[in-house]
1. How many of the residues making up the stretch 131-151 are surrounded by 16 or more Cβ atoms within 10 Å (Cβ to Cβ) and more than 21 Å from residue 74 (Cα to Cα)?
2. Among residues belonging to the stretch 55-69 that are surrounded by 14 or more Cβ atoms within 10 Å (Cβ to Cβ) and in contact (Cβ under 8 Å) with a residue 24 or more places away in the chain, point out the one that is nearest to residue 99 (Cα to Cα).
3. Got a sec? Which of 154, 127 is surrounded by fewer than 13 Cβ atoms within 10 Å (Cβ to Cβ), out of contact with any helix residue (DSSP H, G or I) (no Cβ under 8 Å at 6 or more places or on another chain) and either within 30 Å of residue 84 (Cβ to Cβ) or at pLDDT 95 or above (or both)?
4. Kindly evaluate residue 103 against the criterion of being under 12 Å from the mean Cα position of the chain (by Cα) and part of a helix (DSSP H, G or I).
């Protein structure tokens with residue numbers, strides 16, 4: 001994978017946290033990320049034409065499903081940010097529960113689509129694709145972890 005492209009992805013996502021109009025900037029950033037990610041996947045996978053014809057529709061379906069779940073995740077981050085200075089126990093419990101549900105949903109989605117990708121790709125190509133997905137996700141998660149501060153405990 002090109003290091004420069006992955007660096008661009010992480011830098012772009014880092015900017016979203018500081019944007020004044022979070023939702024609009026986030027959508028633009030997500031569209032740019034979508035394009036960059038697709039180019040990276042194509043470069044890493046080096047599909048034959050028939051693999052490409054089978055892969056991209058399933059990939060787009062998977063990305064759409066992840067987009068919907070990740071939208072809830074970004075909304076949760078926004079809720080955390082809005083309540084950061086005065087986090088109540090009720091809001092904290094809500095965030096914990098919603099975060100756990102999102103993580104479980106993403107894991108289930110990944111498992112479901114890994115099986116679907118195995119039906120159209122060789123096992124080795126499926127692993128390569130999943131590795132690329134995991135590397136990109138790790139970069140995004142690392143950038144988010146750097147941007148989202150730990151919550152200080154509020155004393156009564």
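The values are calculated or read from the model by the stated rules, or taken from the named source; none is laboratory data. Predicted model only: the values in this text are computed from it and were never measured. Here the Cβ is made from the backbone with ideal geometry for all residues, glycine too, and neighbour counts use every protein chain on show.
1. The number of residues fulfilling the criteria is 1.
2. Start the filter on the stretch 55-69 by keeping residues that are surrounded by 14 or more Cβ atoms within 10 Å (Cβ to Cβ), which leaves 55-56, 58-59, 62-63, 65-66, 69.
Pick out the ones that are also in contact (Cβ under 8 Å) with a residue 24 or more places away in the chain and you get 55, 58, 62-63, 65-66, 69.
Working: 55: 30, 58: 26, 62: 20, 63: 19, 65: 17, 66: 15, 69: 11 Å.
The selected residue is 69.
3. Details: 127 fails: surrounded by fewer than 13 Cβ atoms within 10 Å (Cβ to Cβ).
It is 154.
4. Numbers: under 12 Å from the mean Cα position of the chain (by Cα): yes; part of a helix (DSSP H, G or I): yes.
For residue 103, the condition - under 12 Å from the mean Cα position of the chain (by Cα) and part of a helix (DSSP H, G or I) - is met.
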